[in-house]
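Before any comments, here is the structure.
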Amino acid sequence: MTTHQFVIGVDYGTDSVRSVLIDAANGDEVATSVFNYPRWQQGLYCNAAENQFRQHPLDYIEGLEATIKDCLKKAGRDVAKAVKGLAVDTTGSTPVAVDKTGTPLALTPGFETNPHAMFVLWKDHTGVNEAAQINDHATKFDTNYLKYVGGIYSSEWFWAKLLRTLRADDQVAKACHSWVEHCDWIPFLLTGGTDAEQIKRGRCSAGHKALWAEEFGGLPPDEFFSSLDPLLSGFTERLFKDTYTSNEAAGTLSPEWAQRLGLSTDVVVGVGAFDAHMGAVGGQIEPYHLSKVMGTSTCDILVAPAADIEGKLIRGICGQVNGSVIPGMVGLEAGQSAFGDTYAWFKNILAWPLNALTSSTLIDQKTAEALKDELVAKIIPELSRQAALLPVDEDNELAIDWFNGRRTPDADQTLKGAITGLGLGSDAPRVFRALAEATCFGAKSIVDRFVEEGIPVKGLIGIGGVAKKSPYIMQMMADVLGMPIRIHQFEHTCALGAAMFAAVVAGIYPTVEDAMQAMGRGFDAEYFPNEGLQEVYQKRYEQYAGLGKFIEGTK
């Protein structure tokens with residue numbers, strides 16, 4: 001390339017959206033910007049006690065515009081003229097009800113504050129009963145429509161959330177023309193789409209969450225859904241048959257969005273995908289290496305040549321989909337429903353007494369708030385430091401990491417977390433250590449399932465906030481899994497992956513692999529297992545598995 005060409009990657013996370021402006025020649029970050037969702041921060045439309053987590057589309061739209069414009073402002077005016085492509089990743093399954101024009105109902109009159117008209121976030125588990133009904137219903141058909149999603153349908157996914165929404169709100173049910181994943185809606189928005197039936201559905205979301213499969217010629221037939229509940233009758237016809245991999249274009253920026261962002265209408269917009277799948281590309285995934293995106297939850301991605309997977313069905317994972325990560329390879333997805341969320345839960349419990357600072361008569365309100373923020377920020381680092389000093393022993397406190405249910409192996413969002421072995425000597429660092437071990441044991445159960453199903457795991461790649469910020473957790477994970485973990489050096493790896501796809505759809509690179517090679521930023525840390533801890537951690541893992549079986553038997 002003789003002149004600079006730039007691409008934009010947009011990564012929608014659980015709490016915020018971040019955009020990165022990348023030099024396509026070498027992957028250098030020119031500018032980055034993060035926008036925290038204001039409505040989400042206020043806790044609007046959510047009810048944690050009922051596992052209801054909804055996000056307003058305005059949070060997404062405002063964040064999209066704010067972060068991209070901020071990146072361009074930081075980079076300088078001339079850079080905008082050289083932006084060639086843009087691609088988006090999101091959490092998932094995070095779908096929304098839309099009208100015939102493809103507009104989310106929450107953006108239409110009468111539905112502005114209705115949670116059922118908003119995006120149903122990945123961690124929303126209000127559809128647990130609907131997921132159980134789908135699993136039971138699937139056994140009545142000669143064709144196994146769950147065969148490519150590990151054999152178990154989850155409440156975190158597309159159809160369970162749709163059915164729950166239709167049952168929960170008659171007005172939304174009547175107005176809902178179609179049901180769209182967040183990662184498919186943003187490219188549709190940017191390209192000026194006005195017809196829901198013209199939305200280009202990504203292979204990633206369709207295959208892993210919506211039961212789309214090449215073998216079925218698309219989605220399962222209408223009979224499968226209408227016989228489950230008449231509310232679903234006709235939806236397959238209004239959804240989609242074809243899917244697109246993320247190296248394909250959704251279109252170009254519409255005049256409206258080009259003007260709003262300060263970009264050209266020649267900017268190519270890629271087909272969207274989920275954050276972990278694009279993050280795996282940004283993290284330079286290799287065949288049979290498990291890419292672990294570690295944030296509030298984990299999403300684990302492994303790719304293998306299609307020829308190697310032919311005829312294999314991997315039990316209890318979140319799907320195996322040809323082209324969901326890299327075209328020509330099968331993407332295998334697993335994950336843990338709570339990872340960073342587990343540590344955050346414990347931090348919030350410990351920090352609860354600090355709320356009393358705001359009513360203190362000794363210091364003013366502003367100082368009280370600042371002191372509280374300072375102390376809360378120090379809790380996890382100090383717990384990690386103290387826990388690292390404790391000996392690893394078979395008789396230590398033990399925990400189960402299902403605080404938001406179990407994603408894999410064998411999805412069951414009704415399961416709960418647990419802590420056992422507590423005594424009067426069980427202080428905060430010891431309980432934190434047990435929680436950290438539980439998340440690492442949960443990671444090991446995923447690796448073991450892949451291996452048991454004939455899929456070797458040759459190494460691990462760590463991506464995301466926990467991977468970058470917690471050496472204590474990463475060293476423990478290496479010790480528990482008995483294999484090294486490389487930590488990708490790029491801070492916003494999912495956004496970088498989106499930028500790599502943007503470079504492909506813009507024609508800068510012919511393949512995803514070429515973009516990965518040119519734009520990959522490498523690794524800045526590696527953790528190696530301590531062989532002296534292998535035996536004790538194996539015994540601890542067996543205790544974890546035993547406690548897990550007990551918890552399952554008592555639900």
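Just so it is clear, none of the values below were taken in a lab; they were calculated from the coordinates. Quantities reported herein were computed from a predicted structural model and do not represent experimental measurements. Methodologically, a virtual Cβ is constructed for each residue, glycine included, from the backbone with ideal geometry; neighbour enumeration extends over all protein chains shown.
So how do 387-396, 455-464, 516-525, 39-48 stack up, highest first, on mean other-Cβ count within 10 Å?
Listed from highest to lowest mean packing, they are 455-464, 516-525, 39-48, 387-396.
For Tyr509, what charge total do you get from the other residues with a beta carbon under 15 Å from its beta carbon, if Lys and Arg give +1 and Asp and Glu give -1? Each step should come with its number before you reach the end.
Details: positive: Lys84; negative: Asp23, Glu248, Glu513, Asp514.
Cβ neighbours under 15 Å give a net charge of -3.
So which of Lys378/Lys469; Lys378/Lys468; Lys416/Lys549; Lys209/Lys292; Lys140/Lys241 end up more than 21 Å apart by C-alpha?
The pairs that break the limit, which is 21 Å between Cα atoms, are Lys140/Lys241.
When DSSP beta bridges are limited to those with both residues in the chain, what percentage is antiparallel, rounded to the nearest 5?
70
Give the separation of the Cα centroids, segment 461-517 to segment 56-104, in Å.
22
Using Cα positions and a limit of under 24 Å, work out the lysines in reach of Lys81, with same-chain residues fewer than 8 apart set aside.
In chain and number order, the partners are Lys69, Lys73.
With a point put 7 Å past each Cα toward its Cβ, work out how far Asn129 is from Asp142 in nm, to one decimal.
In this crude label model, Asn129 to Asp142 measures out at 3.3 nm.
Out of Gly234, Thr113, Tyr541, whose Cα points farthest toward the positive end of the dipole of the chain (charges: +1 Lys, Arg; -1 Asp, Glu; placed on Cβ)?
Among Gly234, Thr113, Tyr541, the one farthest towards the positive end of the dipole of the chain is Thr113.
Multiply the residue gap between Thr3 and Asp514 by 0.36 nm, knock off their C-alpha separation, and tell me the result in nm, one decimal place.
Once the chain is fully extended between Thr3 and Asp514, it gains 182.1 nm.
Answer rounded, prolate or oblate for segment 164-230, using the Cα gyration tensor with square roots of eigenvalues a ≥ b ≥ c: rounded when a/c is under 1.5, else prolate when a/b is larger than b/c, else oblate.
Working: a/c = 2.13, a/b = 1.11, b/c = 1.92.
Oblate, because a/c is 1.5 or more while a/b does not exceed b/c.
Using Cα centres only, tell me the gap between segment 276-355 and segment 360-435 in whole Å.
Measuring centre to centre over Cα atoms gives 23 Å.
Which distance in nm do the two modelled labels at Ala48 and Gln365 give, with both placed 7 Å along the Cα-to-Cβ direction?
2.4
Given a Förster distance of 35 angstrom, what is the FRET efficiency for Phe216 paired with Arg260, based on the Cβ-Cβ distance and rounded to 0.05?
Once rounded, the FRET efficiency stands at 0.35.
Average projected area of the Cα convex hull of segment 274-316, in nm²?
3.6
Which helices, counted as full DSSP H runs in the chain, have an axial Cα extent of no less than 20 Å and a Kyte-Doolittle average of -1.0 or above?
57-75, 365-388, 428-452
Cβ under 13 Å from Val180's Cβ, Val180 left aside: what net charge do those residues give with Lys, Arg +1 and Asp, Glu -1?
On the way: positive: Lys100, Lys161, Lys200, Arg201, Lys209, Arg238; negative: Asp99, Glu181, Asp184, Asp195, Glu197.
Around Val180, the surrounding residues sum to +1.
About its Cα centre, what dipole magnitude does segment 42-100 give when the only charges are +1 on Lys and Arg Cβ and -1 on Asp and Glu Cβ, stated in debye to the nearest 20?
380
Based solely on C-alpha atoms, express the radius of gyration and the Dmax of segment 201-347 in angstrom.
Looking at segment 201-347, its Cα Rg and Dmax stand at 17.9, 49 Å.
Could you tell me the relative contact order of the chain? Use alpha-carbon pairs under 8 Å, at least six residues apart, and round to a whole percent.
About 16 percent, as a whole number.
I need the Kirkwood Rh of the chain: take the reciprocal of the average 1/r across all distinct C-alpha pairs and report it in angstrom.
Every distinct Cα pair counted, the radius reaches 24.0 Å.
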